[in-house]
Amino acid sequence: MSHLPPKGKPDIPIPVVDEGETNEHMKAMWAGQSNVLVAVRVRPLMKHDIVKKSCVRVLDAKVVVILDPASGDKQDILRANRNREKQYAFDYVFDPNSKQEMVYNNTTKFLIHGVLDGYNATVFAYGQTGSGKTHTMIGSQSDPGIMVRVMEDLFVHSQSQGKQQGVQYKVTVSFLEVYNENIRDLLSDVEEYLDLREDPIKGPVVASITEIEATSGSEVMQLLHQGNAKRSQAATAANEVSSRSHAVLQVVVECRDRAPGTVANIKVGKLSLVDLAGSERAANTKNVGARLVEGANINRSLLALGNCINALGEKGNKGNFVPYRDSKLTRLLKDSLGGNCRTVMIANISAAESSFEETLNTLKYANRAKNIKTNVQRNVLNVNYHISEYVELINNLRSEIQILKSQIGGSMG
Ligand code: ADP
Ligand code: MG
């Protein structure tokens, strides 16, 4: 491994990633100001695809080529002159055969060392219902997705790094959903909506959410599957187990010096992993009644997300108004979008011809996200030790004095 540190930023450690997993973009991301990393994952054709024919090709793990299935139809006058193919380039494109591990290694793994060192990072999965967002983020017990893999690596690295550098790590997780513009705790049995507050130091915080101190990947896997089962789900025409909510796993990693003293340097890295609700329009899923209200709210959060991405992605938008406050999701993800965060977006698409319109929308959306720039800084807090720790300190000093006194007494007598 030979990763040279980025020029002018000697204090930022380069992530230890396996050979071949890093690219120019990741290095730039490490150097501070960078764009959002945007990846696309194409899922294979499946039984719920209405037309089982692919309209998507992947070139060199970088480019998606999408073919309009109606473009060859001479009957359709409006579409007759459309270009048959469109191409979009991304940082990474995963073809339908790409395995979970490969997706994880190329989108998320390189964020770990930053999080352990007090930098924020966010990975979110975007795409229409049934395109593979939950598969990518959570996965199954036998084929775990990004959330489980990143937690396992976080624990391994925090333990080895903690020993090497004489620091102590504390990892806490919370898991919530934004459903109908309400925030629900997925790790609690109490059914109530939680408030989102703005903390001047910590940024957006969800009041009284369950925070569990976790110590192993398997523990987190269990929490995830329990929490995911609590997500507000309902059948729609698009997918039998459609998730109608946005799920957010937040991992806070605190790194503390072990050295004694009255002031501790604490680095706090926050990792957010977001499984968004389906991006399809309500009209497409033939929703009626209550489902339509849900659809409108999903669209409100996603619409706000889209508007924020548009505003942030506009060239030379410095000082532009970004409508973060328009939805719970964008308020929660404010840091992750335009601020102090390394952000990765995974756009999930289906290869099926029957999903052409939605796939094209998703690609356009992801294409815009490429222009977003973030400015990453380390979060370091100076925390005064709690009063109980002073008591301990004083007791230690007293007993030390006692020992010294007896030693002096002994040598004099
Ligand atoms: P979403 O969360 O976007 O609505 P899911 O992740 O639930 O979609 O995926 C829908 C179905 O497709 C699930 O049964 C999932 O296991 C399957 N699936 C999605 N992506 C893949 C993939 N890359 N390989 C194999 N199966 C997949
Ligand atoms: Mg889902």
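The values are calculated or read from the model by the stated rules, or taken from the named source; none is laboratory data. Keep in mind that what you see is a predicted model, and the values were worked out from it rather than measured. In this analysis, Cβ positions are derived from the backbone assuming ideal geometry, glycine residues included, and neighbour counts consider all displayed protein chains. Protein only, heavy atoms only, side chains kept; ligands, DNA and RNA dropped before computing areas. Shrake-Rupley method; radii C 1.70, N 1.55, O 1.52, S 1.80 Å.
Remarks
- Members of the stretch 124-153 that are within 15 Å of the chain's Cα centre (by Cα) and among the polar types (S, T, N, Q): THR134, THR136
Residue-wise test of (1) open to solvent by 30 Å² or more (accessible area, probe 1.4 Å); (2) touching a residue at least 12 places away in the same chain (Cβ under 8 Å); (3) within 13 Å of ligand 1 (Cβ to nearest atom).
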| residue | (1), (2), (3) |
| --- | --- |
| SER160 | yes, no, no |
| ILE183 | no, yes, no |
| LEU186 | no, yes, no |
| LEU194 | no, yes, no |
| ARG197 | yes, no, no |
| ILE201 | yes, yes, no |
| PRO204 | no, yes, no |
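- Test: LEU154 is more than 16 Å from ligand 1 (Cβ to nearest atom), of a type in the set (A, V, I, L, M, F, W, C) and over 17 Å from VAL42 (Cα atoms): yes
- Residue in the stretch 143-151 that is open to solvent by less than 10 Å² (accessible area, probe 1.4 Å) and more than 23 Å from GLY269 (Cα to Cα) present: no
- Residue match in the stretch 100-123 (condition: within 16 Å of ligand 1 (Cβ to nearest atom), surrounded by fewer than 17 Cβ atoms within 10 Å (Cβ to Cβ) and modelled with pLDDT under 90): no
- Entirely in the stretch 83-141, the strands (runs of 3 or more DSSP E) that have 1 or more residues that are over 16 Å from HIS246 (Cβ atoms) and either among the basic types (Lys, Arg) or within 16 Å of ligand 2 (Cβ to nearest atom) (or both): 85-89
- Qualifying residue in the stretch 199-217 (condition: farther than 18 Å from SER245 by Cα and in a helix (DSSP H, G or I)): yes
- For ILE298: the one exception among (1) over 25 Å from THR108 (Cα atoms); (2) surrounded by 24 or more Cβ atoms within 10 Å (Cβ to Cβ); (3) at pLDDT 75 or above: (3)
- Scanning the stretch 48-57 for residues that are more than 9 Å from ligand 1 (Cβ to nearest atom) and either outside any strand (DSSP E or B) or buried (at least 20 other Cβ atoms within 10 Å of the Cβ) (or both) gives ASP49, ILE50, VAL51, LYS52, LYS53, CYS55, VAL56.
- Any hit, the stretch 179-190, residues being within 16 Å of ligand 2 (Cβ to nearest atom) and modelled with pLDDT under 90: yes
- Across the stretch 216-237, the qualifying residues are those that are among the aliphatic types (A, V, I, L, M) and at pLDDT below 85, and the one among them that is surrounded by the most Cβ atoms within 10 Å (Cβ to Cβ) is ALA234.
- Candidates are the residues of the stretch 124-142 that are in contact with a strand residue (DSSP E or B) (Cβ under 6 Å, 6 or more places away or on another chain) and hydroxyl-bearing (Ser, Thr, Tyr); the one that is surrounded by the fewest Cβ atoms within 10 Å (Cβ to Cβ) is THR134.
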